[in-house]
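Structure in structure tokens, see below.
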């Protein structure tokens, strides 16, 4: 017998009808011979309702003792409800099942309420229960401190719960059921010829997640990579039997992927804004001052490029920040204008970041050349470039997003990926 | 410093505005020099919503493993949410506060899910927290088994939580805030001259609770009596300052009530149905067969009277059952008609039970005489009578209920009670 972890998100358990469908999917895996642990999110909309109440209760009021611990207690109740309802539904279908809350397993975390990290999962009792044939229904998103207070793992934390449980149970795989049936070479809403990938490496998945493909939470992929947990992404909107072992996308070690590709996917994001600081004096410490002021205010800076200005003794600095941070970033920059002595600062929110990702870039040359050539052929102007070992990102005018995505998808032959 | 327990029901915490008012009432007691522990129910309507989901999940499906443990897990989430929100609100007002769930204190119970009984409350940590000046906000209605599973104490169980916490903390008093401002000599909607009682004994309160005055849950009064916890019933719909120590009704030992009354209150209930079995053979074992069949089906029988029938060798038996059990009771009785050999059975739902209650009956005679006289004067016909040491109940035609209540209220001089 092998242990399997299945995870269902909020839309998959949004009402009793969908919970019943989830129960059928779980029962099918049990019937197929697995020992099953299921991780569930709160019913869709529930968490937002609970968060709204905590806002009304003054959770985020300035100058007062923060209530992140009480926030966690309140919002964790959402997953608690789903876990109980799914366990009941499974029993109603004649199966043995029981719910497990974070503190009951326990899923031990640090004290960072609202964004806690899992320290340890002593899974003896849980493991014994599933080995005894009982389906374990686990409330996702939540843990407990060593001092016995409820914590939550941050938005999307149920993915992380599922991977951590899979690691603790030494499960053969962690199946993440969601509203898409796998990871695609690009967004099928933009490129109809986008193809589902049978397998993708952890590294590629991490880049995809951080670059805008909202399939898996980044931390859950990091954890899966660190613990060597094979993750499968697949749709919960299928009936049992339709979800054979060949469906979905397996996220795994690069070595386990037989068919080698240079580029695995094209992603895009419109969540960034471009800031340009003009006429920066060309002396040491200027860049440091600029980026320190942003870092101190927790504003994340992504792409950065520095260029010489028309006058010989100054430089221009262009970089991107999250769109929601753009206004604050501009305020911070203007606050140090007199001190730093630059000429002007401008913000442009009309930009998009398009990226190509692939572990094959490590061993293959010419990837950048293909990218820039394909974009130039279509008349797409590149404003900023950034790269990592396995991805190249370009910032372009937002209106060209779809055109650029389609051009790159074709340029790397992704239409033919199996 | 003295410890005080305050309890607020579902209507008192129905929305964020009311939770803020509760926080002000709590803060006022803290400012008055008490160490405060607060017990809260789920927001009004919340428990019903959760229960409806568990019904849809097949909780009560016949022939399957019961899911009472999962039911408890789901419904206990309601109190969890309120506790977190109230703790946050108190912090927002500048107080030190934290929530405590049943398993965190812990409130240890037996395994009787859905109607668990409290075994023990090791209150060292809780006591230390309130002694340190922190307001403890406790989720009512819930406990935890010795094996670490969540339990609930049954409907109205938050009253029991509050009294048990007060006993464990050796609090000077347990204040139960509700939507009425105390215990009245009778229902003020029927008799405008009904007066709030400053004090009432545990025994009288128990009779009142079981006879239809829905102020306190019966079990909480039993527990208060057993543990010697002084309970005060008062309204949460007042602002701090209005609720002085002279408001509400104190439920306490008979010895602590200076002013002695013979009768403390008049109650009524329309929740019963009268069943009459005619022409029962006059031989041993017949009554036993009749009432055994009802008891085996968990039908509670209340008042019973047997009378000789017109024919010399048979008897008639009249008794009352809860109105919701009336149909089933009649089915059970008809099922044994051939075996027992009675002539006919009739049900009458058009009845009411009116009762007078007072510990003074123990030492004073003539209470029954006054009751029957007052009813006779008004032309109210008594169908069945039952008595205990401190109460007399009569079953009458439902249409006479208000008339009878007013007549008895006047007959015992309750209009003059201070």
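Report, in degrees rounded to the nearest 10, the 0 to 90 angle that the Cα long axis of helix B:401-411 makes with the longest principal axis of chain B.
Compared with the principal axis, the helix lies near 80 degrees.
Further question on the same structure: State the extension gain, in nm to one decimal, for the chain segment bounded by residue A:227 and residue A:389, taking 0.36 nm per residue of separation less the distance between their alpha-carbons. Spell out each step's value before the answer.
Values: separation 162, 0.36 × 162 = 58.32 nm, distance 2.18 nm.
Net length gain for the segment: 56.1 nm.
Using the Kirkwood radius over C-alpha pairs as Rh, can you work out the diffusion coefficient of the range A:278-342 via Stokes-Einstein at 10 °C, viscosity 1.306 mPa s, in µm² per second? Before the final figure, lay out each step's value.
Working: Rh = 12.2 Å.
After rounding, the answer is 130 µm²/s.
Continuing with the same structure: Compute the FRET efficiency between residue A:32 and residue A:170 as 1/(1 + (r/R0)^6), taking r as their Cβ-Cβ distance and R0 = 30 Å, and round to the nearest 0.05. Intermediate results must be reported in sequence, preceding the final value.
On the way: r = 19 Å, r/R0 = 0.62.
For residue A:32 and residue A:170, the calculated efficiency is 0.95.
How much of the DSSP bridge set in the protein assembly as shown is antiparallel, in percent, rounded to the nearest 5? Could the numbers behind the result be given before it?
Details: 90 of 150 bridges.
So the antiparallel bridges in the protein assembly as shown amount to around 60 percent.
Follow-up question, since we're still on this one. Residue A:307 label points, 7 Å along Cα→Cβ, one per copy: pairwise distances from this copy to the rest in nm, shortest first?
10.6
Oh, and also: Obtain the nm distance between the two label points defined at residue B:254 and residue B:347 by a simple spin-label model: each point lies 7 Å from its Cα along the Cα-to-C-beta direction.
My value for the distance between the label points is 3.8 nm.
Provide, as a two-decimal number, the C-alpha radius of gyration of the protein assembly as shown over 2.2 N^0.38 Å, N being how many residues it has. Please report the intermediate quantities before stating the final value.
Values: Rg = 34.9 Å, N = 836, 2.2 N^0.38 = 28.4 Å.
Taking the Cα Rg and dividing by 2.2 N^0.38 Å, one obtains 1.23.
So for the range A:164-233, considering every pair of alpha-carbon atoms, how many percent are separated by more than 14 Å? If you can, show how the numbers build up before the last one.
Working: 1433 of 2415 pairs.
Roughly 59 percent, once rounded to a whole number.
What is the angle, in °, between the Cα long axis of helix A:367-377 and the longest principal axis of the Cα atoms in chain A? Nearest 10 is fine, range 0 to 90.
Its long axis makes an angle of about 70 degrees.
Please report A:238, A:145, B:186, B:2 as a ranked list, fewest other C-beta atoms within 10 angstrom at the top and most at the bottom. Working shown, then result.
On the way: A:238 16, A:145 20, B:186 23, B:2 11.
The most exposed by this proxy come first: B:2, A:238, A:145, B:186.
Using only Cα atoms, find the angle between the long axis of helix B:326-335 and the longest principal axis of chain B, and express it within 0 to 90 degrees, rounded to the nearest 10.
Helix B:326-335 sits roughly 40 degrees off the main axis of chain B.
Any idea what the residue B:387 label distances to the other copies are, label 7 Å down the Cα→Cβ vector, nm, shortest first?
10.2
A further question follows. Once label points are set 7 Å from the Cα along Cα→Cβ at both residue A:369 and residue B:399, what is their separation, rounded to one decimal in nm?
10.5 nm
Roughly how compact is the range A:62-116, stated as its Cα Rg over 2.2 N^0.38 Å to two decimals? Walk me through the numbers before you get to the answer.
Working: Rg = 15.1 Å, N = 55, 2.2 N^0.38 = 10.1 Å.
After normalising by residue count via 2.2 N^0.38 Å, the value is 1.50.
Across 10 Å bins from 0, what is the distribution of all Cα-Cα pair distances for the range A:68-152, in whole percents?
20, 45, 28, 7
Now, a different point. How are the Cα pair distances of the range A:213-351 distributed, in percent, across 5 Å bins from 0?
2, 8, 14, 14, 12, 9, 9, 9, 9, 7, 4, 2, 1, 0
Rounded to whole Å and sorted largest first, list the principal axis extents of the Cα atoms in the range A:328-388.
On the principal axes, the range A:328-388 reaches 47, 27, 19 Å in Cα extent.
Over chain A, what is the relative contact order in whole percent, taking alpha-carbon pairs under 8 Å and six or more residues apart? It would help to have the intermediate numbers written out before the result.
Working: 893 pairs, mean separation 58.2, N = 418.
Taking the mean separation of contacting Cα pairs over the length of chain A, I get 14 percent.
Based on Cα coordinates alone, diagonalise the gyration tensor for the range B:260-418, multiply each eigenvalue by 5, take square roots, and list the semi-axes in whole Å, largest first.
On the way: eigenvalues 214, 48, 42 Å².
Its equivalent ellipsoid spans semi-axes of 33, 15, 14 Å.
Could you work out the mean count of beta carbons from other protein chains within 10 Å of each residue's beta carbon in A:19-26?
Details: counts 3, 3, 0, 0, 2, 0, 0, 0.
Averaged over the peptide's residues, the number is 1.
Now for a separate question. Give the percent of DSSP beta bridges with both residues in chain B that are antiparallel, rounded to the nearest 5. Provide the component values of the computation, followed by the final result.
Numbers: 45 of 75 bridges.
About 60 percent, rounded to the nearest 5.
Placing one identical point scatterer on every Cα of the range B:9-125 and ignoring solvent, what is log10 I(q)/I(0) from the Debye formula at q = 0.13, 0.16 Å⁻¹?
-0.61, -0.86
Using a Förster distance of 45 angstrom, determine the FRET efficiency expected from the C-beta separation of residue A:214 and residue B:179, and round it to 0.05.
Details: r = 47 Å, r/R0 = 1.04.
Step by step, r from the Cβ atoms, then E = 0.45.
Placing the label point 7 Å from Cα along the Cα-to-Cβ direction, what are the distances from residue B:155 to the equivalent spots in the other copies, shortest first, in nm to one decimal?
Those separations, rounded to one decimal, come out as 4.1 nm.
Another question, if that's okay. Once both labels are modelled 7 Å past Cα along the beta-carbon direction, what's the residue A:339-residue A:44 spacing in nm?
Here the modelled spin labels are 4.7 nm apart.
Using R₀ = 56 Å, calculate the FRET efficiency as 1/(1 + (r/R₀)^6) where r is the Cβ-Cβ separation of residue A:306 and residue A:146; round to 0.05.
Details: r = 46 Å, r/R0 = 0.83.
Efficiency, rounded to the nearest 0.05: 0.75.
What is the Cα radius of gyration of the range B:2-256 over 2.2 N^0.38 Å, N being its residue count?
0.97
Return the chain B residue and its Cβ-to-axis distance, rounded to the nearest Å, for the rotation relating B to A.
Residue plus distance in Å, as requested: B:77, 2.
So how do A:398-404, A:275-281, B:160-166, B:230-236 stack up, highest first, on mean other-Cβ count within 10 Å? Can you show the working numbers first?
On the way: A:398-404: 16.7, A:275-281: 18.6, B:160-166: 29.7, B:230-236: 22.1.
The densest-packed peptide leads the list: B:160-166, B:230-236, A:275-281, A:398-404.
All of the numbers you see were taken from the coordinates with simple rules; none came from a lab. Since the structure is predicted, the reported quantities are computational estimates derived from the model, not experimental observations. Note that each Cβ is placed from the backbone with ideal geometry, even for glycine, and that neighbours are counted across all protein chains shown.
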